[in-house]
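**Student:** One structure coming up, written as structure tokens, with questions to follow.
The values are calculated or read from the model by the stated rules, or taken from the named source; none is laboratory data. Remember, it's a predicted structure, so these values are computed and weren't measured experimentally. FYI the Cβ positions are ideal-geometry reconstructions off the backbone, even for glycines, and counts take in every protein chain you see. Areas reflect the complete protein model, heavy atoms only, side chains present, ligands, DNA and RNA absent. Shrake-Rupley method; radii C 1.70, N 1.55, O 1.52, S 1.80 Å.
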Number of protein chains: 2
Amino acid sequence: MIAAIKTKGTYLLIMSLRKLYIILFAAFAVQGLSAQESKELSASMGKVKFSFALDETGSPVYAVYFNQKPVIRPSHMGFMLLDDSSFYKDFIMTGSARKSVDGTWQPVWGETKNIRDHYEEVAVHLQQKKSPGRLLDIIFRVFEDGVGFRYEFPKQPNLKYFIVSDELTEFNLTGNHKTFWIPGDYDSNEYPYTTSGLSEINNTQIVNASTAIAVRVVPDPYSVQTPLMMKTADNLYINIHEAALVDYPAMQLHVDGKSFQLSARLVPDAVGNKAYLHAPFHTPWRTIIVSDRAAGILTSKMILNLNEPSKIENTSWIHPMKFVGVWWEMQTGKSTWNYSDYADSVSSNGSPIPNGRHGANTANVKRYIDFAAANGIQGVLVEGWNTGWEDWFGNWKENVFDFVTPYPDFDIKEITRYAAAKGVKMIMHNETSGSATNYERQMDTAFRFMNLFGYTAVKTGYVGKIIPRGEHHDGQWMINHYVRVAKKAAYYRVTLDAHEPVRPTGLQRTYPNWMACEASRGNEYNAFSDGNAPEHETILPFTRLMGGPMDYTPGIFKIKNYSNVPGRQVHTTLTKQLALYVTLYSPLQMAADFPENYAAHSDAFQFIKDVPVDWDDTKIIEAEPGDYITMARKEKGSDNWFVGAITDENKRIAHATLDFLDKGKKYVAIIYSDAPDADWKANPEAYTITKFIVDSDSKLLISLAAGGGAAISIKPASAKDAKSIKKYKN
Amino acid sequence: MIAAIKTKGTYLLIMSLRKLYIILFAAFAVQGLSAQESKELSASMGKVKFSFALDETGSPVYAVYFNQKPVIRPSHMGFMLLDDSSFYKDFIMTGSARKSVDGTWQPVWGETKNIRDHYEEVAVHLQQKKSPGRLLDIIFRVFEDGVGFRYEFPKQPNLKYFIVSDELTEFNLTGNHKTFWIPGDYDSNEYPYTTSGLSEINNTQIVNASTAIAVRVVPDPYSVQTPLMMKTADNLYINIHEAALVDYPAMQLHVDGKSFQLSARLVPDAVGNKAYLHAPFHTPWRTIIVSDRAAGILTSKMILNLNEPSKIENTSWIHPMKFVGVWWEMQTGKSTWNYSDYADSVSSNGSPIPNGRHGANTANVKRYIDFAAANGIQGVLVEGWNTGWEDWFGNWKENVFDFVTPYPDFDIKEITRYAAAKGVKMIMHNETSGSATNYERQMDTAFRFMNLFGYTAVKTGYVGKIIPRGEHHDGQWMINHYVRVAKKAAYYRVTLDAHEPVRPTGLQRTYPNWMACEASRGNEYNAFSDGNAPEHETILPFTRLMGGPMDYTPGIFKIKNYSNVPGRQVHTTLTKQLALYVTLYSPLQMAADFPENYAAHSDAFQFIKDVPVDWDDTKIIEAEPGDYITMARKEKGSDNWFVGAITDENKRIAHATLDFLDKGKKYVAIIYSDAPDADWKANPEAYTITKFIVDSDSKLLISLAAGGGAAISIKPASAKDAKSIKKYKN
């Protein structure tokens, strides 16, 4: 780089740094200077290209291009270390290495049967000129759908244990992109999305308004969470996130609304440091997914590809499943998690006084078990089964739950026996209240308890301020905690569904028993807050779900008029709830409503019974973040397809082109769609169910109500079907 | 109180608050107003008395008297809570209750067979006048040798979970007492003592100079640790500490050198709070021991009496013992804890490269086992046996040790077999490096490992900055940790010797398997720092040991000239090391030197072989903190007595009056004393051993060298002894 400047004349040196970059990078891009001449390195795959160079201060700079046009303008990289505030400059390049990889792998479960991992890698070896000449490597991988890079601290004599004060990675964007964002909260991802230009981002108002969120810590009003979804004025879709977040804090982004510069902000620990590292170490990958089609974002497997293969050798015990549970009852005030109304209300003989509204009682749990068994639902989750719910929240209390002591009305032996007899799997619930130290002390006991009573899955929860006090949900200590829990669960052959953890970064590839996370604003917010705007579910796949499956808990059929939460309602139609089983991917999907509410719509419930949770293929038919999504998925090991179509607050016609079906083959499509007069607010439970013969030439036009959606099951037609059922015609 | 003021005339109200207290309390003391008239409450036992009242702001105030003279002038009490900064005033007294207790109990092990627990208790019930009328109780107990009080937060509707911002307890002293103090460090008690007037206390210099201490955090230059030992100008001895420190941070004291006011400073947590409490709750006892004789401080059992009886029902498995160990080798540089010199130095086949100086190798351990077996020493401690010592310290590293993986040259199966065959108990070593979270995750595994290999005792260590990061060794979280470890150890029937924990507060009564702590500046400092001044051991029994036994590791025979620590030396004579087995009480006593150094002085080593670690009785013959101590102890279940006499940097004649011996009975006394030309610095290893017949009329005069000491074993004489051995004559 320095040599390059010299050949071009010293006048460049007096220009501003930003201009310098632009000129240099433009020069590289246009003139294609060889790496040797300029020390510029680059690689491309399809339309995507990245460049790397050192600037005149020896600071690493990268850029990303799509179709020759800049997506990320030249952007700095590097660190502040506690013992070296300049670990971002004064570097020389001591070498580099290239690698081409093209392979295919099969996930244990997922959206597609095969995943192609195809990239060009460039590893850059840097050394600081100043003593003691510390080393830093940066690894770039360019894929057809984006670029990932990570920092590696090689084993070296003068950098062993060290503390990161700040990561200085920048993402310099090219304009005031339309952005789908939530605040950069250290402890929560449970915000509604705001859509705005980058220049308008200020999270103060939304943070202050979000009183339903248990813990809110947002020191920077200009910070946002990733995955951050953007769309440029010329219709390029850009998604920035990270992959393989292990032993490192989550990266949030500070937005400079004037320069359109995003810069990494790592979540701090209790004393303000960011990460305690030990070389050799590599950071998570920083990911920039880019596409000229919204669908290209949704089908990207880059984040999964940047994660390590499964560390669990035998995965035969890991099974996706649907489940029901004693849970929506509590969200809607029908019953309670707690057995007594007060922690200290005990009768004269010292036993707790029941409030008479405890949900997790044996009879009620059996009702759910019966329902699951009758409908082929594999699992039953029960929350509030263990003692401690009377004073579990808000006290920053450490020893809050013990994870092994049932309430007196929860007969775990009998429930275990009953569920086993009915062929239903019980799902354990371990709420920690954020007291991770308490959970870690008892984790072995908790998992042994699950093994003892045959629970093969656990839902964890972190509702509350973290203990160790001063740590945050998204800081390095908790990042390590979540992985410890996943590993411990794997040791005990238990699958994991973590609620209120950090947002996922593709680690489900490495720990496939870690099947789902919440880490976002789930369906539950419709019960206890102003709810989720109708567009919410059209944004989630482009943001939160880029990192991994979400336990959104779809399937609410009784949309409103819950007597204990007056004024609250789900902000979708009933059939949109069905569509979510397709559009919001998770290998664990809850059918979240009450058995009686499903019984009231047993025809619509058929779709939930039919829809699988593991897929061989996925096709994005049409999509636009914040507006609509129509997608089709092929059931694992089957010829059945399932289509979900959703819209935002606007009525819309979904165009379900079925060209993915086998040519010349006939299928029966059952279409669950909004009734003509349906509307998420006024008339959400009105739907129609129609049945047609379809084939690969079919183009279904389906009317979606405002806040509505449609679900379609498509199965090969029998000869009898072909005769008896009408062919679909527009 | 308010009524009392009125009867005396309103002019009092315009006087300064301090003057008001003095006048009022003087009035109560002198005039003896009845509790009913004045709302003043008081109780006395022997020469000790306390008074309590509310001042005109409704703030609780207490005072302590000895022989009618104030020891603690009227001093405020109360709290700042996070949600109520005035939980120290505006109280009314709603009632009080009195209780007299006189009983005797037997410790599982200790300095005396029986302990008398004799006190008058007054419980004061307070309520805040302002809404919501929160309750606070204060419980006083007056003993013959002092006063203890604690706060109790009763169960109440409007104080459930709460956070203490500050405890406001004051100890207003009557003058510029001579004080034996160490800095109020949140993480260490390993300082040398300074003797000064209260007005001269400033810890800045000593903190800055104490570079050998692993972690130093002392935000307040005027803060000191407890137990704080003081002596008044009129020869009253006062000791302030706390008893039964459970689920609460340690109390340090801020010294106002002008007013002689001490005020409680609780060690904060990671976010600056002091304690997270849940009513009903009681604080530790604040203890004020007072005597007109220094010996009266040393014999006080008040702190033990203020602790709860044993929570371990079956204590038959708890045995005091002496032990040797692979440890002083490392302190003196003969061998290393670590197996390799660098964590990352591995051979071509990936195995670590030994440095050839690893102490915990099988052959060397067997040497200690042989020595223990040959000399009737019950235990062998081995440090550095487990992997991780190459980079264990100074990196704030969380996963530092695993507690179950031996180094390749430590054959634990063979060592277990060998020790068992020789009748020797192995003592486990679990260094945590301050990473308590790591230890808690692995504690069950670690204790199961001990059970598996027959280890019945563990020495823990906390050398390093605490993890959870931001917490301190003496904060509430770690206080709870130490108790968790003691309970876990008891569950696995393992006895505990905690190094670098909070200083003890008598919890060895409640958890008698928690046999010793370091929590002070041990003998080891003589090996790696400027060492411990000759007066150090004359101060320890009046300070650190008031809370409980200390694992000081006495018994160093090779006082100086260790080739790897040139210039370092133990600051005592050899026989003073013997005396410490008597003067520094612990049920776990190490014979810390090398076998070969004991072999070189096998005549003197006989005392270590003979001296027990459990006692039926203790007599303080003469004592003055900072100057000298001569004490005698009677062996448990035996007629044998052992005397220890130590002096500071001054030569001195110890006066060992033996009037505690059975009248008319003859004993053989073996006197291990400094040779006439002995001197801690110039000639520390010169000693004489003499043998005499003694009886209860004997008054031994023993010359102690500068920094010297003497040890005497006294056993009933046989008829043959009586004839063959000369009677002692002055």
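**Student:** Can you confirm whether A:His601 is touching a Leu at 6+ places or on another chain (Cβ under 8 Å), open to solvent by 10 Å² or more (accessible area, probe 1.4 Å), closer than 22 Å to A:Ala710 by Cα and touching a residue at least 60 places away in the same chain (Cβ under 8 Å)?
**Tutor:** Values: touching a Leu at 6+ places or on another chain (Cβ under 8 Å): yes; open to solvent by 10 Å² or more (accessible area, probe 1.4 Å): yes; closer than 22 Å to A:Ala710 by Cα: yes; touching a residue at least 60 places away in the same chain (Cβ under 8 Å): yes.
Judged against the criteria, A:His601 is a match.
**Student:** Can you say whether B:Pro541 is assigned to a loop (DSSP other than H, G, I, E, B), at pLDDT 95 or above and in contact with a Pro (Cβ under 9 Å, 6 or more places away or on another chain), as far as the supplied structure shows? Steps first, answer last, please.
**Tutor:** Numbers: assigned to a loop (DSSP other than H, G, I, E, B): no; at pLDDT 95 or above: yes; in contact with a Pro (Cβ under 9 Å, 6 or more places away or on another chain): yes.
No: the conditions fail for B:Pro541.
**Student:** Sticking with this structure for a sec: Does region A:233-258 hold any residues that are more than 14 Å from every other protein chain (Cβ to nearest Cβ) and out of contact with any strand residue (DSSP E or B) (no Cβ under 7 Å at 6 or more places or on another chain), and which are they? Lay out the reasoning, then the answer.
**Tutor:** Taking region A:233-258 and keeping what is more than 14 Å from every other protein chain (Cβ to nearest Cβ), we get A:233-245, A:250-258.
Matches in region A:233-258: A:Ala233, A:Asp234, A:Asn235, A:Leu245, A:Ala250, A:Asp256, A:Gly257, A:Lys258.
**Student:** What's the total number of residues in region A:270-324 that are within 20 Å of the chain's Cα centre (by Cα) and among the basic types (Lys, Arg)?
**Tutor:** The number of residues fulfilling the criteria is 3.
**Student:** Please specify each residue of region B:332-358 satisfying the condition of being more than 14 Å from every other protein chain (Cβ to nearest Cβ) and outside any loop (DSSP other than H, G, I, E, B).
**Tutor:** B:Thr336, B:Pro352, B:His358
**Student:** Picking from B:Ala270, B:Ala275, B:Ala264, which residue would you name as being closer than 25 Å to B:Phe542 by Cα and either surrounded by 19 or more Cβ atoms within 10 Å (Cβ to Cβ) or among the polar types (S, T, N, Q) (or both)?
**Tutor:** Details: B:Ala270 fails: closer than 25 Å to B:Phe542 by Cα; B:Ala275 fails: closer than 25 Å to B:Phe542 by Cα.
After applying the criteria, what remains is B:Ala264.
**Student:** How about region A:184-205: which of its residues are in contact with a Pro (Cβ under 8 Å, 6 or more places away or on another chain), open to solvent by less than 10 Å² (accessible area, probe 1.4 Å) and without any contact (Cβ under 8 Å) to a residue 60 or more places away in the chain? Full working, then the answer.
**Tutor:** Start the filter on region A:184-205 by keeping residues that are in contact with a Pro (Cβ under 8 Å, 6 or more places away or on another chain), which leaves A:186, A:191, A:202-204.
If we keep only those that are open to solvent by less than 10 Å² (accessible area, probe 1.4 Å) as well, we get A:191, A:203.
Of everything in region A:184-205, just one residue is in contact with a Pro (Cβ under 8 Å, 6 or more places away or on another chain), open to solvent by less than 10 Å² (accessible area, probe 1.4 Å) and without any contact (Cβ under 8 Å) to a residue 60 or more places away in the chain, namely A:Asn203.
**Student:** Please determine, by comparing only the residues of region A:650-675 that are surrounded by fewer than 16 Cβ atoms within 10 Å (Cβ to Cβ) and among the acidic types (Asp, Glu), which one is farthest from A:Leu580 (Cα to Cα).
**Tutor:** Taking the candidates together, the pick is A:Asp662.
**Student:** Conditions: (1) touching a strand residue (DSSP E or B) at 6+ places or on another chain (Cβ under 8 Å); (2) within 14 Å of chain B (Cβ to nearest Cβ); (3) of a type outside the set (D, E, K, R). A:Ser520 meets all but one. Number of the miss?
**Tutor:** Evaluating A:Ser520 over (1) touching a strand residue (DSSP E or B) at 6+ places or on another chain (Cβ under 8 Å); (2) within 14 Å of chain B (Cβ to nearest Cβ); (3) of a type outside the set (D, E, K, R) leaves (2) as the failure.
**Student:** A further question on this structure: Quick check: anything in region A:58-66 within 20 Å of A:Ile163 (Cβ to Cβ), touching a Leu at 6+ places or on another chain (Cβ under 7 Å) and in a strand (DSSP E or B)?
**Tutor:** Checked against the condition, which is being within 20 Å of A:Ile163 (Cβ to Cβ), touching a Leu at 6+ places or on another chain (Cβ under 7 Å) and in a strand (DSSP E or B), region A:58-66 yields no hits at all.
**Student:** Say whether the condition of being touching a Pro at 6+ places or on another chain (Cβ under 6 Å), open to solvent by less than 20 Å² (accessible area, probe 1.4 Å) and not small (Gly, Ala, Ser) is met by at least one residue in region A:75-98.
**Tutor:** Checking region A:75-98: at least one residue is touching a Pro at 6+ places or on another chain (Cβ under 6 Å), open to solvent by less than 20 Å² (accessible area, probe 1.4 Å) and not small (Gly, Ala, Ser).
**Student:** Further question: Please count how many residues of region A:510-540 are within 24 Å of A:Gly110 (Cβ to Cβ) and open to solvent by less than 10 Å² (accessible area, probe 1.4 Å).
**Tutor:** So the first thing to find is which residues in region A:510-540 are within 24 Å of A:Gly110 (Cβ to Cβ), and the list is A:510-523, A:536-540.
Now narrow it down to the ones that are open to solvent by less than 10 Å² (accessible area, probe 1.4 Å): A:510, A:512-513, A:515-520, A:522-523, A:536-540.
The qualifying residues number 16.
**Student:** Another question, if that's okay. Within 14 Å of another protein chain (Cβ to nearest Cβ), on the phi < 0 side of the Ramachandran plot and open to solvent by 30 Å² or more (accessible area, probe 1.4 Å), is that true of B:Pro221?
**Tutor:** Details: within 14 Å of another protein chain (Cβ to nearest Cβ): no; on the phi < 0 side of the Ramachandran plot: yes; open to solvent by 30 Å² or more (accessible area, probe 1.4 Å): yes.
No.
**Student:** Also, I was wondering about something else. Return a yes/no flag: does region B:33-51 have any residue that is assigned to a loop (DSSP other than H, G, I, E, B), at pLDDT below 95 and aliphatic (A, V, I, L, M).
**Tutor:** yes
**Student:** Looking at (1) within 14 Å of another protein chain (Cβ to nearest Cβ); (2) touching a residue at least 12 places away in the same chain (Cβ under 8 Å); (3) touching a strand residue (DSSP E or B) at 6+ places or on another chain (Cβ under 9 Å), which is the one condition that is false for B:Ala270?
**Tutor:** Here B:Ala270 meets the rest and fails (3).
**Student:** Ok, one more. Given the conditions (1) aromatic (Phe, Trp, Tyr); (2) over 28 Å from the mean Cα position of the chain (by Cα); (3) under 26 Å from A:Val483 (Cα atoms), and given that A:Phe371 satisfies all but one, which numbered condition is not satisfied?
**Tutor:** Here A:Phe371 clears every test but (3).
**Student:** Where in region A:239-322 are there strands (runs of 3 or more DSSP E), lying fully within it, with 1 or more residues that are farther than 27 Å from B:Ala343 by Cβ?
**Tutor:** Details: elements: A:251-256, A:261-266, A:275-278, A:285-291.
Hits in region A:239-322: A:251-256, A:261-266, A:285-291.
**Student:** Do we have A:Met478 as under 21 Å from A:Glu398 (Cβ atoms) and among the aliphatic types (A, V, I, L, M) here? Lay out the reasoning, then the answer.
**Tutor:** Details: under 21 Å from A:Glu398 (Cβ atoms): yes; among the aliphatic types (A, V, I, L, M): yes.
Yes.
**Student:** For region A:390-422, which positions are among the hydrophobic types (A, V, I, L, M, F, W, C) and within 14 Å of another protein chain (Cβ to nearest Cβ)? Steps first, answer last, please.
**Tutor:** Kept after step one, since they are among the hydrophobic types (A, V, I, L, M, F, W, C), are these residues of region A:390-422: A:392-393, A:396, A:400-401, A:403-404, A:410, A:412, A:415, A:419-421.
Residues satisfying the conditions are A:Trp392, A:Phe393, A:Trp396, A:Val400.
**Student:** Would you pick out the residues in region B:280-311 that are surrounded by 19 or more Cβ atoms within 10 Å (Cβ to Cβ) and in contact with a Leu (Cβ under 8 Å, 6 or more places away or on another chain)?
**Tutor:** Selection gives B:Pro284, B:Trp285, B:Thr287, B:Val290, B:Ser291, B:Asn307.
**Student:** With A:Val668, A:Val643 as the choices, which residue is in a strand (DSSP E or B), in contact with a helix residue (DSSP H, G or I) (Cβ under 8 Å, 6 or more places away or on another chain) and either modelled with pLDDT under 95 or under 21 Å from A:Met550 (Cβ atoms) (or both)?
**Tutor:** Going through A:Val668, A:Val643 in turn, just one is in a strand (DSSP E or B), in contact with a helix residue (DSSP H, G or I) (Cβ under 8 Å, 6 or more places away or on another chain) and either modelled with pLDDT under 95 or under 21 Å from A:Met550 (Cβ atoms) (or both): A:Val643.
**Student:** Could you go through region A:368-389 and let me know if any residue there is in contact with a strand residue (DSSP E or B) (Cβ under 9 Å, 6 or more places away or on another chain) and within 14 Å of chain B (Cβ to nearest Cβ).
**Tutor:** Yes; the residues of region A:368-389 include at least one that is in contact with a strand residue (DSSP E or B) (Cβ under 9 Å, 6 or more places away or on another chain) and within 14 Å of chain B (Cβ to nearest Cβ).
**Student:** Continuing with this model, one more query. What are the residues in region B:428-453 that are under 24 Å from A:Pro468 (Cα atoms) and without any contact (Cβ under 8 Å) to a residue 40 or more places away in the chain, if any?
**Tutor:** Of everything in region B:428-453, those that are under 24 Å from A:Pro468 (Cα atoms) and without any contact (Cβ under 8 Å) to a residue 40 or more places away in the chain turn out to be B:Asn430, B:Thr432, B:Ser435, B:Thr437, B:Arg441.
**Student:** Collect the residues in region A:99-119 that are part of a strand (DSSP E or B), of a type in the set (D, E, K, R) and open to solvent by 50 Å² or more (accessible area, probe 1.4 Å), keeping them in residue-number order. Spell out how you get there, then give the answer.
**Tutor:** Here is the first cut: in region A:99-119, the residues part of a strand (DSSP E or B) are A:99-105, A:115-119.
Filter again for of a type in the set (D, E, K, R), leaving A:99, A:102, A:116-117.
Selection gives A:Lys99, A:Asp102, A:Arg116.
**Student:** Separate question: Does A:Asn235 fit the bill of being modelled with pLDDT of 95 or more and under 17 Å from A:Gly626 (Cα atoms)? So that I can check it myself, show each step before the final result.
**Tutor:** Values: modelled with pLDDT of 95 or more: yes; under 17 Å from A:Gly626 (Cα atoms): yes.
Judged against the criteria, A:Asn235 is a match.
**Student:** Please determine, by comparing only the residues of region B:123-149 that are over 28 Å from the mean Cα position of the chain (by Cα) and hydrophobic (A, V, I, L, M, F, W, C), which one is surrounded by the fewest Cβ atoms within 10 Å (Cβ to Cβ). Spell out the reasoning first.
**Tutor:** Taking region B:123-149 and keeping what is over 28 Å from the mean Cα position of the chain (by Cα), we get B:123-137.
Those still in the list that are hydrophobic (A, V, I, L, M, F, W, C) too: B:123-124, B:126, B:135-136.
On the way: B:Ala123: 16, B:Val124: 25, B:Leu126: 22, B:Leu135: 20, B:Leu136: 23.
For region B:123-149, the residue satisfying everything is B:Ala123.
**Student:** Further question: Quick check: is even one residue across region B:150-160 within 14 Å of chain A (Cβ to nearest Cβ), assigned to a strand (DSSP E or B) and either over 30 Å from B:Ser638 (Cα atoms) or open to solvent by 50 Å² or more (accessible area, probe 1.4 Å) (or both)? Steps first, please.
**Tutor:** Here is the first cut: in region B:150-160, the ones within 14 Å of chain A (Cβ to nearest Cβ) are B:153-160.
Now restrict to residues that are assigned to a strand (DSSP E or B): B:153.
This time we only want the ones that are either over 30 Å from B:Ser638 (Cα atoms) or open to solvent by 50 Å² or more (accessible area, probe 1.4 Å) (or both), so: B:153.
Yes, because at least one residue in region B:150-160 is within 14 Å of chain A (Cβ to nearest Cβ), assigned to a strand (DSSP E or B) and either over 30 Å from B:Ser638 (Cα atoms) or open to solvent by 50 Å² or more (accessible area, probe 1.4 Å) (or both).
**Student:** Among what's in region A:423-446 and is over 13 Å from A:Thr460 (Cα atoms) and among the aliphatic types (A, V, I, L, M), pick the residue that is nearest to the other protein chains (Cβ to nearest Cβ).
**Tutor:** A:Met426
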